[in-house]
């Protein structure tokens with residue numbers, strides 16, 4: 001488990017850095033720890049295709065169930081989730097993503113249970129670890145915060161060009177449709193506007209004790225890449241918190257090392273392994289829904305077509321609808337293939 005390696009490495013770090021590293025290691029030990037499975041990652045990947053209004057509504061009703069939460073996943077599972085669940089729009093790992101082996105995010109509640117900070121740590125394929133000195137922040141409280149940097153810097157044409165050049169034809173088609181819809185565009189900007197970044201609080205605290213400004217960290221080389229990771233961590237934490245708050249389909253299994261195994265580790269001078277939970281889904285991956293009995297004017301007049309998995313926000317909470325076939329197969333099947341052109 002990545003959490004075990006992170007705690008072990010940070011506690012044996014350079015003493016000059018130990019105050020920050022020890023505080024982060026303490027946070028990982030205190031957190032409720034979750035390993036996100038391939039199936040659960042399939043849901044978080046699918047959220048990229050969902051309506052911004054639904055995603056924003058979902059975030060406004062969820063709560064962080066614990067003061068501190070640790071999420072981790074293997075990057076190979078991200079690639080597998082995209083292969084399984086993206087269907088005709090499979091997104092391979094990009095260059096910067098393929099450098100990563102595993103990722104962990106320590107999420108701490110901020111001023112209340114609807115705001116948080118997300119602190120990422122990355123293990124690269126060469127074995128190196130990097131704890132980011134910047135963290136992502138999110139606030140989904142009642143009062144809309146100021147527009148965050150990812151909303152201010154969003155450029156429609158640049159984003160759609162990026163989707164096209166990287167072969168994300170379905171994602172680009174949906175994004176273009178949402179950008180043309182004033183309500184969806186407003187929700188998209190509102191969602192991205194809820195995220196920001198700052199220097200990690202453990203680092204800010206140590207700098208304050210030394211009488212130094214956080215601008216000292218902001219001026220270091222690699223800051224731009226750290227901010228990218230911080231923004232990604234805040235958005236990824238949002239999706240994982242949605243999973244924890246789903247009213248259906250979530251499967252959380254406790255996993256712990258046996259007492260005898262822990263004793264054996266202590267005899268060998270090794271630290272005990274941390275307990276954790278496995279965050280998965282118990283929904284079928286694909287569902288064929290019988291729409292032939294639908295009400296007049298509804299699906300009975302539609303040819304069968306593929307519907308991606310998506311969220312539904314109800315007064316009782318947030319639910320996940322698995323991918324399914326909708327419509328009347330007797331009328332034929334719509335096989336959608338999209339090609340993006342310059």
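The values are calculated or read from the model by the stated rules, or taken from the named source; none is laboratory data. Keep in mind it's a predicted model, so treat the numbers as computed, not measured. Cβ sites come from the backbone with ideal geometry, for glycine too, and all protein chains shown count toward neighbours.
Before moving on, here are some points about what is shown:
- The set of residues from region 113-129 being surrounded by 15 or more Cβ atoms within 10 Å (Cβ to Cβ) and either out of contact with any strand residue (DSSP E or B) (no Cβ under 8 Å at 6 or more places or on another chain) or without any contact (Cβ under 8 Å) to a residue 60 or more places away in the chain (or both) comprises 113, 114, 115.
- Count - residues of region 26-42 that are surrounded by 22 or more Cβ atoms within 10 Å (Cβ to Cβ) and part of a helix (DSSP H, G or I): 4
- Looking only at region 93-123, and only at residues there that are modelled with pLDDT under 90 and touching a helix residue (DSSP H, G or I) at 6+ places or on another chain (Cβ under 7 Å), the one that is farthest from residue 227 (Cα to Cα): 93
- Condition check for residue 237: in a strand (DSSP E or B) and either modelled with pLDDT of 90 or more or exposed (fewer than 12 other Cβ atoms within 10 Å of the Cβ) (or both): no
- The lone criterion from (1) in a helix (DSSP H, G or I); (2) in contact with a helix residue (DSSP H, G or I) (Cβ under 7 Å, 6 or more places away or on another chain); (3) surrounded by fewer than 21 Cβ atoms within 10 Å (Cβ to Cβ); (4) in contact (Cβ under 8 Å) with a residue 60 or more places away in the chain left unmet by residue 46 is number (3).
- Against the list (1) touching a residue at least 24 places away in the same chain (Cβ under 8 Å); (2) closer than 20 Å to residue 280 by Cβ, the condition residue 68 fails is (2).
- Sole exception among (1) crowded, with 20+ Cβ neighbours inside 10 Å; (2) at pLDDT below 85; (3) under 30 Å from residue 180 (Cβ atoms) for residue 64, by number: (3)
- Hey, residue 22 under 23 Å from residue 282 (Cα atoms), over 14 Å from the mean Cα position of the chain (by Cα), part of a helix (DSSP H, G or I) and free of Cβ contacts under 8 Å to residues at least 60 places away in the same chain or not: no
- Residue that is over 19 Å from the mean Cα position of the chain (by Cα), exposed (fewer than 14 other Cβ atoms within 10 Å of the Cβ), in a helix (DSSP H, G or I) and at pLDDT 65 or above, where the choices are 253, 266: 266
- Residue count for region 25-43 satisfying the condition of being touching a strand residue (DSSP E or B) at 6+ places or on another chain (Cβ under 9 Å) and free of Cβ contacts under 8 Å to residues at least 40 places away in the same chain: 1.
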